[in-house]
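Structure first, then comments.
The values are calculated or read from the model by the stated rules, or taken from the named source; none is laboratory data. All figures in this text were calculated on a predicted structure; none of them were measured in a lab. Cβ coordinates were reconstructed from backbone atoms using ideal geometry, including for glycine residues, and neighbour counts include every protein chain displayed. All accessible areas refer to the heavy atoms of the entire protein, side chains included, with ligands and DNA or RNA removed. Shrake-Rupley method; radii C 1.70, N 1.55, O 1.52, S 1.80 Å.
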2 protein chains.
Amino acid sequence: MNAGRTARERARAELTEEIKTAARQQLATVGAEALSLRAISRELGMVSSALYRYFASRDELLTALIIDAYDALGAAAEAAPAGGDPVGDWIAIYAAVRDWARANPQEYALIYGSPISGYQAPQTTVQPASRVPLLLLGLLQRAQESGRLVTPPDAPTPSGALAQQTEVLVALAPGVPPAVLVRTVIVWTQLFGMLSFELFGQLVGSMDPADEFFASASRQMAAFVGLS
Amino acid sequence: MNAGRTARERARAELTEEIKTAARQQLATVGAEALSLRAISRELGMVSSALYRYFASRDELLTALIIDAYDALGAAAEAAPAGGDPVGDWIAIYAAVRDWARANPQEYALIYGSPISGYQAPQTTVQPASRVPLLLLGLLQRAQESGRLVTPPDAPTPSGALAQQTEVLVALAPGVPPAVLVRTVIVWTQLFGMLSFELFGQLVGSMDPADEFFASASRQMAAFVGLS
DNA sequence: CAGAAACGAGAGCAGTGCTCTTGACAGTGA
DNA sequence: TCACTGTCAAGAGCACTGCTCTCGTTTCTG
């Protein structure tokens, strides 16, 4: 439609990126909810109203930042060193996720913290959000194929509505037993619960610093889903 | 010192409670970060500045609300029906926590969501925050004493710094093996990770509605810590 | 080259948390 | 009874916010 293709477009793309960069900097210092369009525009030496040429609203800026954060986390997790040993790879992914979260706590809070009031996450965020779980599922599937995944004997096979819901995951990781897939969701929630507790200060007084606890949990969760 | 002891004090206490009630109502509708002192004062038919006689700042109001939320959640969990069967009691506590969280999502987000920027949780919140984990520890200890807790054979005994950190928990639940205590922290983070995912919309597309998944996770986590 | 589209600047609106001052009132000791 | 003291609500005001609208200017395009 509106295919302007030249200098103007390049300038626009650059400025859009500059705005996001400034927003991320502000995010890191004052947090998501205190993110101020006026402060960003001040930083960039422009007037606040000009910002609305690039993002229709504060929410739209936030959406862009959220998608970027999901993508950055997904990329960090996918870049975790893979050596072929399923348990080692699993632990490496856990470590990569934690490292990213600790390096970018405000961006982590943006995607895994409380939803921003009045802000409705658009469907656009679903795909980048699923990169980490898809990565774990892929690892499990490969482990299954190479015989390194043994269904834990005490893992109950889902029935009823739970079995139905699991089918979505079966389609994503064919061959992995439903009982393991349910456990995958359990450990997925465990991972991010653990990270949120660490980053949000809930572990202070018990397992903080959490390095060793996190390492132990990684191993035990790998065993919990049946990796060996 | 300033010991006015009569009608004035009573009026003050009542109005303080009224302010918190109005704040909670607003919390439930617009969320924590959009909580406005002016809107509360408007609701109560007073002028915004008068509110500062009762709460020195917005943060102080939030702190009061946070402590109330922790206490409400703790009370709800402690009120879970206990029938003597450890696994049944465990599941009942899980269900009570979830019920409270689903009934009070904004208050849940207030205490388990991202920390409010610029807001530092005072030490006052630590004690009410520990009611739920203490409840779980107490259950485990009683199960241990009655022989209903068997340390899972694949639960590694913590060593090094992790063993040291576990000692704090050993003091709280004497008799419960360290390996089980580490697993208790794991399932504790799992519980609230699962709840956060459900309430914050992260499960949409996979395990939502989460009733059966939650029930299955409750049971599997009870087994994971060694309850039978 | 003319028209259209995009752009930055600026003023302005309604709202926010918070501070300070002012005048009214309640409780208390002489 | 009366003056004193501390508490209270009210209101104006400050600096900030997201957002809208208008106005000239610049840039692209048919």
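Considering the dipole of the protein assembly as shown built from charges on the beta carbon (Lys and Arg +1, Asp and Glu -1) around the Cα centre, which of A:ASN104, A:ALA75, A:ALA222 is farthest to its positive end?
A:ASN104
In the protein assembly as shown, carbon and sulfur make up what percent of the accessible area (probe 1.4 Å)? It would help to have the intermediate numbers written out before the result.
Working: 11240 of 21170 Å².
Of the solvent-accessible surface of the protein assembly as shown, carbon and sulfur hold 53 percent.
Please list 3J(HN,Hα) in residue order for the stretch B:193-202, calculated via the Karplus relation 6.51 cos²θ - 1.76 cosθ + 1.60 where θ = phi - 60°; whole Hz, with x for glycine and proline.
x, 4, 5, 4, 4, 5, 6, 8, x, 7
From the residues B:THR29, B:PHE55, B:THR124, which one has its Cα farthest along the dipole of the protein assembly as shown in the positive direction, the dipole being from +1 and -1 charges on Cβ of Lys/Arg and Asp/Glu about the Cα centre?
B:PHE55
For the stretch A:122-130, in order, what is each residue's ³J(HN,Hα) by Karplus, 6.51 cos²θ - 1.76 cosθ + 1.60 with θ = phi - 60°, in whole Hz (x at glycine and Pro)?
With the stated coefficients, the stretch A:122-130 comes to x, 4, 4, 7, 5, 5, x, 5, 9 Hz.
Report the one residue of A:PRO209, B:PRO158, A:PRO174 whose Cα lies farthest in the direction of the positive end of the charge dipole of the protein assembly as shown (charges on C-beta: Lys and Arg +1, Asp and Glu -1; origin at the Cα centre).
The residue sitting farthest along the positive end of the dipole is A:PRO209.
Before I look further, what does the stretch A:1-55 give for accessible area per residue, probe 1.4 Å, in whole square angstrom?
Numbers: 3870 Å² over 55 residues.
Here the per-residue accessible area is 70 Å².
Give the chain B residue with the shortest beta-carbon distance to the rotation axis relating chain B to chain A, plus that distance as a whole number of Å.
That would be B:GLY193, 1.
Quick one: which residues, 5+ away or cross-chain, put their amide H under 5 Å from the amide H of B:ALA155? H built at 1.01 Å from N.
HN-HN under 5 Å from B:ALA155: empty list.
One decimal, nm, shortest first: give the distances between the label point of A:ARG131 and those of the same position in the other copies, each label point 7 Å from Cα along Cα→Cβ.
Ordered by increasing distance: 4.1 nm.
Going by the alpha-carbon gyration tensor, a ≥ b ≥ c the square roots of its eigenvalues, is chain A rounded (a/c under 1.5) or, if a/c is not under 1.5, prolate (a/b greater than b/c) versus oblate?
On the way: a/c = 2.37, a/b = 1.84, b/c = 1.29.
In terms of gyration-tensor shape, prolate.
From the phi of every residue in the stretch A:187-192, what ³J(HN,Hα) in whole Hz does the Karplus formula 6.51 cos²θ - 1.76 cosθ + 1.60 yield, where θ is phi - 60° and glycine or proline is x?
Coupling constants for the stretch A:187-192: 6, 4, 5, 5, 4, 7 Hz.
Shortest first and in nm with one decimal, please list how far the B:GLY83 label point sits from its counterparts in the other copies (point 7 Å along Cα→Cβ).
Values, ascending and in nm: 4.9.
Only four residue types carry charge here, +1 at the Cβ of Lys and Arg and -1 at the Cβ of Asp and Glu. Report the dipole size of the stretch A:68-225 about the Cα centre in Debye, rounded to the nearest 20. Before the final figure, lay out each step's value.
Numbers: 7 positive and 14 negative charges, 56 e Å.
Roughly 260 debye, rounded to the nearest 20.
With every protein chain kept in the model, how would you rank A:TYR52, B:TYR94 by accessible area, 1.4 Å probe, largest at the top? Could you put the intermediate results ahead of the total?
Working: A:TYR52 115, B:TYR94 0 Å².
Listed by decreasing accessible area, they come as A:TYR52, B:TYR94.
How many Cβ atoms of partner chains, on average, are near each residue of B:209-219 if near means within 10 Å of its Cβ? Write out the running numbers ahead of the final one.
Values: counts 2, 4, 2, 9, 9, 1, 1, 10, 6, 0, 1.
Mean shielding by partner chains, rounded to a whole number: 4.
Label-to-label distances across copies for A:SER36, with labels 7 Å out along Cα→Cβ, in nm, shortest first?
Going from nearest to farthest copy, the values are 1.8 nm.
Considering only C-alpha atoms, what is the centroid distance from the stretch B:138-207 to the stretch A:65-98, in Å?
Value for the Cα centre distance between the two parts: 25 Å.
Mind giving me the nanometre distance, one decimal, between the label points for B:SER57 and A:ALA56, set 7 Å out from Cα along Cα→Cβ?
For the pair B:SER57/A:ALA56, the computed spacing is 3.7 nm.
If contacts are Cα pairs under 8 angstrom and at least 6 residues apart, what is the relative contact order of the stretch A:1-55 in percent? Present the calculation step by step, with values, prior to reporting the outcome.
Details: 23 pairs, mean separation 15.5, N = 55.
Value for the stretch A:1-55: 28 percent.
First select every other residue whose beta carbon is under 12 angstrom from the beta carbon of A:ALA77; then total the charges, Lys and Arg +1, Asp and Glu -1.
Values: positive: A:ARG98, A:ARG131; negative: A:ASP71, A:GLU78, A:ASP89, A:ASP99.
Spelling it out: positives minus negatives among the neighbours equals -2.
Rounded if a/c is under 1.5, else prolate if a/b beats b/c, else oblate: with a ≥ b ≥ c from the C-alpha gyration tensor eigenvalues square-rooted, which is the protein assembly as shown? Present the calculation step by step, with values, prior to reporting the outcome.
Working: a/c = 1.98, a/b = 1.11, b/c = 1.78.
It is oblate, given that a/c is not under 1.5 and a/b is not larger than b/c.
Work out how much length A:GLU9 to A:VAL150 would gain on full extension: take 0.36 nm times their residue separation and subtract the Cα-Cα distance, in nm to one decimal. Provide the component values of the computation, followed by the final result.
Numbers: separation 141, 0.36 × 141 = 50.76 nm, distance 5.36 nm.
Result for the pair: 45.4 nm of gain on full extension.
For a quick check of your reading of the filter: which trypsin sites (Lys or Arg not before Pro) in the stretch B:1-100 sit in a DSSP loop and have no more than 15 other Cβ atoms within 10 Å?
Numbers: sites: B:ARG5, B:ARG8, B:ARG10, B:ARG12, B:LYS20, B:ARG24, B:ARG38, B:ARG42, B:ARG53, B:ARG58, B:ARG98; in loops: B:ARG5.
Those satisfying the criteria are B:ARG5.
With an 8 Å Cα cut-off and a minimum separation of 6 or more residues, compute the relative contact order for chain A in percent. Don't jump to the answer; show the numbers that get you there.
On the way: 198 pairs, mean separation 44.9, N = 228.
Computed over chain A, the figure is 20 percent.
Where in the stretch A:137-170 does accessible area fall by at least 40 Å² between the isolated chain and the complete protein assembly, at a 1.4 Å probe radius?
At a threshold of 40 Å² (probe 1.4 Å), the residues of the stretch A:137-170 that become less exposed are A:LEU162, A:GLN165.
Probe radius 1.4 Å, ligands and nucleic acids left out: can you give me the accessible area buried at the A-B interface, summed over both chains, in Å² to the nearest hundred? Mind showing how you got there, number by number?
On the way: alone 12620 and 12620 Å², together 21170 Å².
Looking at A and B, the buried total is near 4100 Å².
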